[in-house]
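Take a look at the structure set out below.
The values are calculated or read from the model by the stated rules, or taken from the named source; none is laboratory data. Everything numeric in this text was worked out from a predicted model, so none of it was measured. Note that each Cβ is placed from the backbone with ideal geometry, even for glycine, and that neighbours are counted across all protein chains shown.
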Amino acid sequence: MRISYSALEAFKKCPQKYKFKELDKIKEPPSLSAVFGAAVHGALQYFHSQKTLPSSKELMDYFSINWLERKEKLKERNLPDSEFNFMENEAKNILLNYHNDNSEETPHILSLESKFEASLKSSDDFHILTGKIDRIDRQEDGSFEIVDYKTSKKMPSQSDIDDDLQLSLYHLGFSEKWPEFKTRPIKLSLYFLRHREKISTQKNEIHINATKEKLIKSIKEIQNSKFHPVASPLCDFCGYKNICPMWKHKIAINNQQSAVSQKEIKQTIAEFFELKEKISQNEERLDELKAAINAFCDNEGVEQVFGDFGSIMRQLQQRYEYEPHKIKEILEPLGKWDEIMAVDSAKLKELQKSLPPHIRNAIKDSKIPSSEFKKLIYKPRNTIFKTSVVTNTEMLDKKMAMLSNNTNKIKPLINEY
């Protein structure tokens, strides 16, 4: 299998989006954030590719031309000028700060925007991992530094950087592209442009082997996936929203499609929410409505349906179990194995609170799905918060009644459900 890090990340966030882009080859319309990132990266490549470092004015002139060209690609999105102007000013501030911080330095750059391929062998398969490294510097002592620019507002902790899969993949790609240098020290850095900070880490053979195992596991998940959509706040920025099973029913309603099936499902949803108010007397009918909604979703190929009273979403659920021998290998050296023995999930969850991050991550990676099912999640309109699994509804209704005048207690309820 041939796959890039960005594709792995796309699958992790939403398998359906991965399918649209990587398998169905449906081109995603560019987003403002993507254009912003590409324009900043392009300006930094220009800055470091010249024989003499450009002045701040030259850098701004280059960016402005590049920005206008990329801005044209977003015409069909009809975004307000205020959004473009805000992002343009953000980018200019980032670049001016970068120029101020780096105009006195002349690093020995081995490569800019360097594409790589890294081979990965499993017991029964062979994969090619692809990617592109923003910058590779050669240090005076003969070591190397891989630099990846980040325009994100959030800056992770050092432990997050130490566990960063992308940097480990860059290490693999560098070692395969330049095998003559793979015995040299390699520093891996993420440069957070908004914060004007660079956080670095290094990988040893243990880290690299663990990375390979994670990558193989991720690829197997993709190969065995049914590519169910995952609803999240990221949906609002997704270019595939209008064709996604999680949202295309809402799009159909907004487009005033008047098919009989659309009217029927709206009526079904309306009745669903009405009965929800008196669920204790209507359990049997509610089950019939759930079956009708599930049947409609299956027949229409959608995962979320919308009515006048709210929406109902089907969300794939997985039950996990831990592989005992892997948990034993992790916990026995710490003298913790006897505390769980049969890998009691509740006890293991409690034990993890006292373990260091790398141990918790190793335990997390040992999870394998034991079963999966779909549940209905209802979201009435004009409520502070009322999302729940459809089952166990009587208890939820009682708790929601208790919370009606006390929104500060909503957070514990979220954690419970």
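If you filter region 23-40 down to residues that are assigned to a helix (DSSP H, G or I) and either hydrophobic (A, V, I, L, M, F, W, C) or modelled with pLDDT of 95 or more (or both), you find that the one that is surrounded by the fewest Cβ atoms within 10 Å (Cβ to Cβ) is Leu23. Residues that are farther than 28 Å from Glu221 by Cβ and assigned to a loop (DSSP other than H, G, I, E, B) are absent from region 112-134. It is to be established whether one or more residues within region 144-160 are within 26 Å of Leu32 (Cα to Cα), in contact (Cβ under 8 Å) with a residue 12 or more places away in the chain, buried (at least 19 other Cβ atoms within 10 Å of the Cβ) and among the hydroxyl-bearing types (Ser, Thr, Tyr). Yes: one or more hits. Against the numbered list (1) touching a strand residue (DSSP E or B) at 6+ places or on another chain (Cβ under 8 Å); (2) under 22 Å from Thr130 (Cβ atoms), Leu8 comes up short only at (1). Glu76 fulfils the conditions (1) at pLDDT below 95; (2) in contact with a helix residue (DSSP H, G or I) (Cβ under 6 Å, 6 or more places away or on another chain); (3) of a type outside the set (S, T, N, Q) except for a single criterion, (2). Scanning region 323-354 for residues that are among the small types (Gly, Ala, Ser) and not in a helix (DSSP H, G or I), we see that the one that is modelled with the lowest pLDDT is Ala342. Consider Asp160 carefully, then state whether it is closer than 27 Å to Pro15 by Cα, out of contact with any Phe, Trp or Tyr (no Cβ under 8 Å at 6 or more places or on another chain), of a type in the set (Asp, Glu) and not assigned by TED's automatic domain parsing to the domain that holds Ile377. Against the criterion (closer than 27 Å to Pro15 by Cα, out of contact with any Phe, Trp or Tyr (no Cβ under 8 Å at 6 or more places or on another chain), of a type in the set (Asp, Glu) and not assigned by TED's automatic domain parsing to the domain that holds Ile377), Asp160 qualifies. For region 312-345, a residue qualifies if it is in contact with a helix residue (DSSP H, G or I) (Cβ under 7 Å, 6 or more places away or on another chain) and either closer than 21 Å to Phe227 by Cα or in contact (Cβ under 8 Å) with a residue 60 or more places away in the chain (or both), and the qualifying residues are Ile312, Arg314.
Looking only at region 371-390, residues that are modelled with pLDDT under 70 and surrounded by fewer than 12 Cβ atoms within 10 Å (Cβ to Cβ) come to 3 in all.
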